[in-house]
2 protein chains.
Amino acid sequence: MSDIYIGVDVGGTNIKFGVFDKDLNILSKSSIEAKVDAGAEVMVDRIGSHIEKIVTDNKYTMKDVKAVGMGSTGQFNLTEGIMYSCPNMPLFKNVPIKKMLSDRTCKPCVIENDANTACYGEYACGAGQGSDNMVFFTLGTGIGGGIILNGKLVHGTDDSGGELGHIIIHPGGRLCGCGQRGCIEAYASASSTARRATEAVIACEPSVLREVLDQKGRITCKDVFVHAAKGDKLAEKIADETARDLAIVCIIMRHVTEPHKFVFAGGMIAAGEPLLNAIKKHFADMIWSMKKEDVEICFAQLGEDAGIIGAAALARDIK
Amino acid sequence: MSDIYIGVDVGGTNIKFGVFDKDLNILSKSSIEAKVDAGAEVMVDRIGSHIEKIVTDNKYTMKDVKAVGMGSTGQFNLTEGIMYSCPNMPLFKNVPIKKMLSDRTCKPCVIENDANTACYGEYACGAGQGSDNMVFFTLGTGIGGGIILNGKLVHGTDDSGGELGHIIIHPGGRLCGCGQRGCIEAYASASSTARRATEAVIACEPSVLREVLDQKGRITCKDVFVHAAKGDKLAEKIADETARDLAIVCIIMRHVTEPHKFVFAGGMIAAGEPLLNAIKKHFADMIWSMKKEDVEICFAQLGEDAGIIGAAALARDIK
């Protein structure tokens, strides 16, 4: 009999699964549709059935499954395992999802929000391996965050700590979806980067992005980085501002938890070395001179598997 | 035989001492001159002698002393107990002060920087009592910080986490003593608040602070708050900007460690309720609308004893 762990990554559209051995090697990956409109009970039952299937497919039995970890979008009481609410899943209100999943699978379960789950995955098996003190950012439509301190995720008093996208870096600045002004998310997420470029083009700043907007009807963050790499001045400026703002939030976090490593994840890191180097340059230019800083700034390594890997790692580390 | 603890608070001018019972009640307080020019060995020996004296004065023997805690200005390797450097004590470079103190007193010792020590004092016996997750600011010449998470101080990778005065809130803004631009310390410390007022007066903004400057040759932070309370428009504006900037840094920290309590200490809190209420108002005005925040914002309770109390509490909690 071997110990295996199941990692589950719940999104608004699909639910991803991974079967892992005790060293967190992936034995198999799969996914099912989320079908969030059917409600929580149906979803949990379908998750349970799919876990039984993939365990059998891997020639194990449910007796081999030591624990199940689940990462999900939404707001949680993590200790109690209750999903308060989730923008993508309007039927899920105050759902005791940890207990439901544990009852369905007859296994110890752990739940965590998606950014923290990915953070824990990178810490356990990816770019953050060995860094007991790290800070993690996902750069997508929004900016998610995670903090590892002494090898554990920081949750905060009411399980909404580590909301690093809502650190204010430009007081009184751009309105964020959260209701604050000047959040890093309102400047340096993929969608905010695209939005700043679009506004500049509409304000008639000269750029090849004008043609992109005319042809496609919109400018994406990828367009900004692609044309910055080709030397378009406006795209370079927008991309550089994004890197500078990400460096500012790194400096802020350096003075708070003084991490050993900053790890960036999410779609935007497809921009590659130019983005990473620009963040490092601005960090070095703006950081204090009180002591030499040798913090590492790097990209995540696990890509889209970070969620299932992190969930399995959390399952392995259940105390 | 009773257990007692000694708390020591080392400043550039004086060294304060407290004798504490096991419930951290103060049995006696005293102080000696720091005489930093005599070097570390002499200072540690004088500290040891004074501890022997105050223990005897309180009708105990050194056998009753369970541990000694020391808070000090300076930069440390806290695990090793080494003082790297200290602006006030130029002779103290790479001094293994914890070992020296432990050897001199034959007791377990703990050292901590001064802001963290005061933070721990407020957590153990003051405004932060019962808050396992709190954030602490001292508002003086600079802005010091401390973070309690799960009942423990956050130290960071190289023992310089919790440097909350160097959180950047106005990128590209005022130059801070640390070399960065836009630190909260460069805006909202007592000396920066006084400096902003002085600059405004020199720039001919009308205010009774003009007379203060002419008569005393300088404007203090206290002058700003006194005249703000009396209705001087410029003083009101400067004081309100300080409160707003402190609220911004509270919002930032809310999204990082999501504390249960923010505690402000230091000379500036003599400004009293108007300052506290203004910080609370700006916090409420600027914080996100994603969830209702019921974090408490309050003033410290231990005054100048926070250092010796915190040091004794750290001594009590040596593992």
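Any chance you could check the Cα centroid distance between segment A:276-319 and segment A:79-113 for me, in angstrom?
28 Å
Give me the Kirkwood hydrodynamic radius of chain B in Å, from all C-alpha pairs, to one decimal place? Don't jump to the answer; show the numbers that get you there.
Working: mean 1/r = 0.0487 Å⁻¹.
About 20.5 Å, per the Kirkwood formula over Cα pairs.
How large is Rg/Rh for segment A:70-120, to two decimals, with Cα atoms and a Kirkwood Rh?
Rg/Rh for segment A:70-120 comes to 0.96.
So if I restrict to the alpha-carbon atoms in segment B:138-288, what is the Rg, and what is Dmax, the biggest pairwise distance, in Å?
In Å, with Rg to one decimal and Dmax whole: 15.8, 50.
Name the shape class, rounded, prolate or oblate, that the alpha-carbon gyration tensor gives for segment B:20-153, where a ≥ b ≥ c are the square roots of its eigenvalues, rounded holds for a/c under 1.5, and otherwise prolate holds if a/b is larger than b/c and oblate otherwise.
Taking the square roots of the gyration eigenvalues as a ≥ b ≥ c, segment B:20-153 is oblate.
Could you tell me the largest-minus-smallest coordinate of the C-alpha atoms of the protein assembly as shown on each of the three principal axes, in descending order and whole angstroms?
Sorted from largest, the Cα extents of the protein assembly as shown read 76, 66, 40 Å.
Could you work out the local net charge near A:I143, counting Lys and Arg as +1, Asp and Glu as -1, over the other residues with Cβ closer than 12 Å to its Cβ?
Around A:I143, the surrounding residues sum to -3.
Determine the sum of side-chain charges near B:A40: Lys and Arg each +1, Asp and Glu each -1, restricted to other residues whose C-beta is under 14 angstrom from that of B:A40.
That works out to +2.
Carbon and sulfur: what percent of the protein assembly as shown's accessible surface (1.4 Å probe)? Walk me through the intermediate numbers first.
Values: 13300 of 26340 Å².
For the protein assembly as shown, the apolar C and S fraction of the accessible surface comes to 50 percent.
Within a 10 angstrom radius of each residue's Cβ in B:160-171, how many Cβ atoms of other chains show up on average? Whole number is fine. Numbers along the way, then the final one.
Working: counts 7, 9, 4, 6, 3, 1, 8, 8, 10, 7, 3, 9.
Going residue by residue through B:160-171 and averaging, the value is 6.
Residue-wise, which Karplus ³J(HN,Hα) couplings in Hz belong to segment A:49-56, taking 6.51 cos²θ - 1.76 cosθ + 1.60, θ = phi - 60°, and x for glycine or proline?
4, 5, 4, 4, 5, 6, 5, 5
Rounded to the nearest 500, what is the 222 nm mean residue ellipticity of the protein assembly as shown from helices alone, with -39500 (n - 2.57) per DSSP H run of 4+ residues and division by all residues?
Only helices count here, giving -12000 deg cm²/dmol.
If one takes the longest principal axis of the Cα atoms in chain A, at what angle in degrees, from 0 to 90 and to the nearest 10, does the Cα axis of helix A:190-202 lie?
Around 30 degrees separate the two axes.
Taking the Cα atoms of segment B:14-99, report the difference between the largest and smallest coordinate on each principal axis, in whole Å and largest first.
The principal-axis extents, from largest down, are 36, 26, 19 Å.
Provide the net charge surrounding A:E163, with neighbours chosen by a C-beta distance below 9 Å and charges set as Lys +1, Arg +1, Asp -1, Glu -1. Mind dumping the intermediate values first?
Details: positive: B:R254; negative: B:E258.
After counting each charged neighbour, the total is 0.
Got the A:Q301 label distances to the other copies yet, label 7 Å along Cα→Cβ, in nm, shortest first?
Going from nearest to farthest copy, the values are 4.9 nm.
Report the extension gain between B:T61 and B:K291 in nm, rounded to one decimal, defined as 0.36 nm multiplied by the number of residues separating them, less their alpha carbon distance.
Details: separation 230, 0.36 × 230 = 82.80 nm, distance 5.47 nm.
This chain segment gains 77.3 nm when fully extended.
Between A:C106 and A:E41, how high is the FRET efficiency from 1/(1 + (r/R0)^6) when r is the Cβ-Cβ distance and R₀ = 22 Å? Nearest 0.05.
For A:C106 and A:E41, the calculated efficiency is 0.85.
Under a point-charge model restricted to the Cβ atoms of Lys and Arg (+1) and Asp and Glu (-1), what is the dipole moment magnitude of the protein assembly as shown relative to its Cα centre, in debye to the nearest 20?
0 debye
Can you list, shortest first and in nm, the gaps between the label point of B:I32 and those of its counterparts in the other copies, using a point 7 Å from Cα in the C-beta direction?
7.3
Rounded, prolate or oblate: which one fits segment B:209-294, using the alpha carbon gyration tensor with axes a ≥ b ≥ c (rounded when a/c is under 1.5, else prolate when a/b beats b/c, else oblate)?
prolate
What ranking, highest mean first, results for peptides B:208-217, A:293-302, A:180-189 when packing means the other Cβ atoms within 10 Å averaged over each residue?
Per-residue Cβ counts within 10 Å, averaged per peptide and sorted highest first, yield A:180-189, A:293-302, B:208-217.
Averaged over B:254-264, how many beta carbons belonging to a partner chain fall within 10 Å of each residue's beta carbon?
If you average over the peptide's residues, the count of other-chain Cβ atoms is 6.
Tell me, what is the per residue accessible area of segment B:179-319 in Å², probe radius 1.4 Å? Don't jump to the answer; show the numbers that get you there.
Numbers: 6000 Å² over 141 residues.
Each residue of segment B:179-319 exposes 43 Å² on average to a 1.4 Å probe.
If contacts are Cα pairs under 8 angstrom and at least 6 residues apart, what is the relative contact order of segment B:201-319 in percent?
This gives 22 percent for segment B:201-319.
Give the nm distances, rounded to one decimal, from B:P108 to the matching residue in every other copy, measuring between label points 7 Å along Cα toward the beta carbon; shortest first.
Listed shortest first, these distances are 2.9 nm.
Sorted by mean Cβ packing within 10 Å, highest first, what order do the peptides A:233-241, A:121-129 take?
Values: A:233-241: 19.9, A:121-129: 24.4.
Result, highest mean first: A:121-129, A:233-241.
How much accessible area per residue does segment A:1-119 have, counting only protein heavy atoms and a probe of 1.4 Å, in square angstrom?
46 Å²
What is the set of long-range amide H partners of A:A34 at a cut-off below 5 Å, with H atoms built 1.01 Å from backbone N?
A:N14, A:I15
Within 10 Å of each Cβ in peptide A:290-302, how many partner chain Cβ atoms are there on average? Round it to a whole number, please.
Mean number of neighbouring Cβ atoms from other chains: 2.
Once amide H atoms are placed 1.01 Å from N in the peptide plane, what residues at a sequence separation of 5 or more from A:N58, or on another chain, have their amide H within under 5 Å of its amide H?
Those qualifying (amide H under 5 Å, at least 5 residues apart or on another chain) number zero.
Can you list the residues, at least 5 places off or on another chain, whose amide H is less than 5 Å from the amide H of A:Q180, using H built in the peptide plane?
Correct list: B:S289.
With a 1.4 Å probe on protein heavy atoms only, work out how much accessible surface B and A bury together, total over both chains, in Å² to the nearest 100.
It comes to approximately 3100 Å² buried between B and A.
Specify the inter-centroid distance of segment B:181-225 and segment A:193-272, based on alpha-carbon positions, in whole Å.
Cα centres, segment B:181-225 to segment A:193-272: 39 Å.
Where does helix B:273-286 land angle-wise versus the long Cα axis of chain B, in degrees 0 to 90, nearest 10?
70 degrees
Can you work out the Karplus-derived ³J(HN,Hα) for every residue in segment B:19-27? Use 6.51 cos²θ - 1.76 cosθ + 1.60 with θ = phi - 60°, whole Hz, and x for glycine or proline.
With the stated coefficients, segment B:19-27 comes to 9, 10, 7, 5, 9, 6, 6, 6, 8 Hz.
Over 29 Å between Cα atoms: which of B:K35/B:K152; A:K291/B:K22; A:K292/B:K281; B:K16/B:K66; A:K29/A:K230; A:K35/B:K291 fall into that group?
B:K35/B:K152; A:K291/B:K22; A:K292/B:K281; A:K29/A:K230
Quick one: Karplus J couplings for segment A:165-175, per residue in order, coefficients 6.51, -1.76, 1.60, θ = phi - 60°, nearest Hz, x for Gly and Pro?
Each residue's phi maps through the Karplus curve to give x, 9, 5, 7, 10, 9, x, x, x, 4, 6 Hz.
The values are calculated or read from the model by the stated rules, or taken from the named source; none is laboratory data. Since this is a predicted model, take the numbers as computed values, not measurements. Please note: Cβ atoms are built from the backbone with ideal geometry, for glycine as well, and neighbour counts cover all protein chains shown. These area figures cover heavy atoms from the full protein model, side chains too; ligands, DNA and RNA do not enter into them. Shrake-Rupley method; radii C 1.70, N 1.55, O 1.52, S 1.80 Å.
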